[in-house]
Amino acid sequence: MFNKFNPLFRQISSLMIAAMLIFHGPLYALDSDSAQPINIQANQAEFNPETGIATYTGDVKLNQGSLKVKAHTVTIYQDNNGEISKVVAIGKGERVHMQQKPEPDSPEVHAFAMYAEYLSVEQEVLLKDNAELENGKDRFTGDRIRYNLQTRNISAWGDKNSGSQSQSSVPGQVKIILYPKNNQSSAQ
């Protein structure tokens, strides 16, 4: 059990706070989310201060305000300066699920994939293997989805080589459903 005065606990807590701030960006957030406490649950937690890698394994649940992340494994990588360089969330048996409510009157944004990766330098989120991004009724589905946090560009790809079928799409293709803005309110 971690003691809150133990230096390792403080390092792990700092890493998780940074990770939550990272996930905070991709999905946007209510202003009050960052002021909320962070709750982390996992079957196992491990931190190596020499490599700067923290790994949480087994039914990982991260919550802060409206932000919720569920995965089998979450790994946080630090660079030589102690800054977070990458966060990876992996599903096992079911997809990683991230959700957050961007504004009080808007629907929750949901992201799903077997593999989700955040790259801090590039300010990008990559969803791979059965990827899906939902914002209200609008939906992007494919083998891979890349979302740039600075430009807000979304790119999606099908997997022509494997013939695998992602949620609600034809093998090798992406599926995009966009509704007119005036119809979004009926989806809430």
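Numbers below:
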{"read-out": "Karplus 3J(HN,Hα) series, Hz, for region 122-133 with 6.51 cos²θ - 1.76 cosθ + 1.60 (x for Gly, Pro)", "value": "7, 6, 10, 10, 10, 10, 10, 6, 6, 7, 8, 10"}
{"read-out": "Cα Rg over Rh - region 48-118, Kirkwood", "value": "1.04"}
{"read-out": "Formal net charge of residues neighbouring Glu108 (Cβ-Cβ distance under 14 Å; K, R +1; D, E -1)", "value": "-1"}
{"read-out": "Sequence-distant aspartates and glutamates (8 or more away, or on other chains) whose Cα lies within less than 14 Å of Lys128", "value": "Glu94, Glu117, Asp143, Asp159"}
{"read-out": "Exposure proxy ranking, count of Cβ atoms within 10 Å, fewest first, for Met114, Met98", "value": "Met114, Met98"}
{"read-out": "Net +/- balance of residues flanking Leu178 in space, Cβ distance below 13 Å, scoring K and R +1, D and E -1", "value": "+2"}
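Bear in mind that the values in this text are calculations on the coordinates, not laboratory data. These numbers were taken from a predicted model, which means no experiment stands behind them. Note that each Cβ is placed from the backbone with ideal geometry, even for glycine, and that neighbours are counted across all protein chains shown.
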